[in-house]
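Colleague: Starting off with a structure, shown below.
What follows is calculated from the coordinates using simple rules that are stated; it is not laboratory data. Just so we're clear, the structure is a prediction, and the values are computed from it rather than from any experiment. Cβ sites come from the backbone with ideal geometry, for glycine too, and all protein chains shown count toward neighbours.
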Amino acid sequence: MTTGRWLDVSATPRDGSPILLWIQDDEAPPDFPVTVGFWETDTIFEVGFWRVFSAGSPSTYFDQHVRGWRPLPRVPNA
């Protein structure tokens, strides 16, 4: 399922690859609603989450906060 050109969170790569994420969290709004992030798993608690880059320190979000995702654009050969 897609939202426009955004892909559903169920199809995200969970291998640590960076991707574009559309984040929405009413309780803790992100600095940038569309940002780069990657999937990370806490090895102690065995919980997975999205680590996203923000203006301050990196933030974490869960699948329910991801409205869609896209692969990073490819850089053309220079």
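Colleague: Among the chymotrypsin sites (Phe, Trp or Tyr not before Pro) in region 32-78, which ones are in a DSSP loop with at most 11 other Cβ atoms within 10 Å of the Cβ? Mind listing them?
Modeller: Phe45
Colleague: Residues in region 6-33 near a label at Thr41, defined as backbone nitrogen under 11 Å from the 7 Å Cα→Cβ point?
Modeller: So the set is 14-16.
Colleague: Go through region 26-71 and name the GluC sites (Glu not before Pro) that are in a DSSP coil and have 14 or fewer other Cβ atoms within 10 Å of their Cβ.
Modeller: The qualifying sites are Glu27, Glu46.
Colleague: Given (i) 1.76; (ii) 1.03; (iii) 0.98, which label gives Rg/Rh (Cα atoms, Kirkwood Rh) as computed from the coordinates?
Modeller: Recomputing Rg/Rh (Cα atoms, Kirkwood Rh) here picks out (iii).
Colleague: Follow-up. Dipole of the chain, Cα-centred, from +1 at each Lys and Arg C-beta and -1 at each Asp and Glu C-beta, to the nearest 20 debye?
Modeller: It works out to roughly 480 debye.
Colleague: Expressed in nm to one decimal, what extension gain is obtained for the pair Asp26 and Arg70 from 0.36 nm per residue of sequence separation less their Cα-Cα distance? Mind showing how you got there, number by number?
Modeller: Values: separation 44, 0.36 × 44 = 15.84 nm, distance 2.17 nm.
Additional length available on full extension: 13.7 nm.
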